[in-house]
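The values are calculated or read from the model by the stated rules, or taken from the named source; none is laboratory data. Keep in mind it's a predicted model, so treat the numbers as computed, not measured. As a convention, Cβ positions derive from the backbone with ideal geometry for all residues, glycine included, and neighbour counts pool all protein chains shown.
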């Protein structure tokens, strides 16, 4: 009899509702970063304080739908997650919850979030957030992720939407300024995720997901990661060049991007896994601090 693989054999399902497991399905750390960027988008949409309804209910609705999208991602990827060392301890592979519970939870969060945005904020924000959810949970997770090594480049647009969603929650319109912030996150996403994909290449190869390091090799992915880090530096200048932000943001952006380029260079020249995870970890802190700098610069300009 063949030995069972501990990574692919789910544990016995728990009875009742495992709220901790449902919470983990929402990828709370990712959602926190999404809500931060959407809140910054909302604050930048006005020279004063944003309306409380748009700021609080808007970002709560965006956060709920982001959590719903994450839960859909867990549900769709549960089989692959069970076979990967990085993800085999997630709630579905371990049997902490049943598949129907995950699907119900994802649907509930998405519907409640959409209703909050539609009725208490505005329909534009609700539909744009729904489009972002579909883009991530369906277009990326169900199709692009397994169809092309450019999956994260194309699919990254869905994850880049939060600043625009925060902006539309306040202004009920789309304009050029929040699209610059969307472009910033869109450019940040490939080097952020490729760093992780380099470190976990064998995992993705095992489940036949065509991430760039699997299809084109780690050396090629390192080169693209480094090139994207320079492109990201250039894109980060745009808010300053169009007068959307000032010198405080520019200074912080330069410091943060120089560190990003340095770590991308170390990855290019050095050890695959250690340097890849170092860049991946920094990229999360980078995006958080970059948007905090945007907000701090905005309030400083408003006070002056």
Exercise. Yes or no: residue 131 modelled with pLDDT of 95 or more, farther than 26 Å from residue 213 by Cα and surrounded by fewer than 22 Cβ atoms within 10 Å (Cβ to Cβ)?
Worked result: yes
Exercise. If only one of 182, 170, 121 is modelled with pLDDT of 95 or more, crowded, with 19+ Cβ neighbours inside 10 Å and not assigned by TED's automatic domain parsing to the domain that holds residue 59, which one is it?
Worked result: 182
Seminar exercise, completed: Selection from the range 166-183 of residues out of contact with any helix residue (DSSP H, G or I) (no Cβ under 8 Å at 6 or more places or on another chain) and under 21 Å from residue 57 (Cβ atoms) yields 171
For this session: May I ask you to list the residues in the range 257-269 that are in contact with a helix residue (DSSP H, G or I) (Cβ under 6 Å, 6 or more places away or on another chain), surrounded by fewer than 20 Cβ atoms within 10 Å (Cβ to Cβ) and closer than 23 Å to residue 160 by Cβ?
Result: 261
Exercise. Take the residues of the range 270-298 that are under 16 Å from residue 223 (Cβ atoms) and modelled with pLDDT of 95 or more: which is surrounded by the fewest Cβ atoms within 10 Å (Cβ to Cβ)?
Worked result: 275
For this session: Please work out which one of (1) closer than 30 Å to residue 123 by Cα; (2) not assigned by TED's automatic domain parsing to the domain that holds residue 32 is the condition residue 142 fails and give its number.
Result: (2)
For this session: Please give the helices (runs of 4 or more DSSP H) falling wholly within the range 46-115 in which 1 or more residues are closer than 18 Å to residue 163 by Cβ.
Result: 58-76
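Rundown of residues vs (1) buried (at least 21 other Cβ atoms within 10 Å of the Cβ); (2) not assigned by TED's automatic domain parsing to the domain that holds residue 288, yes/no style:
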{"site": "95", "(1), (2)": "no, yes"}
{"site": "98", "(1), (2)": "no, yes"}
{"site": "103", "(1), (2)": "no, yes"}
{"site": "110", "(1), (2)": "yes, yes"}
{"site": "125", "(1), (2)": "yes, yes"}
{"site": "135", "(1), (2)": "yes, yes"}
{"site": "150", "(1), (2)": "no, yes"}
{"site": "193", "(1), (2)": "yes, no"}
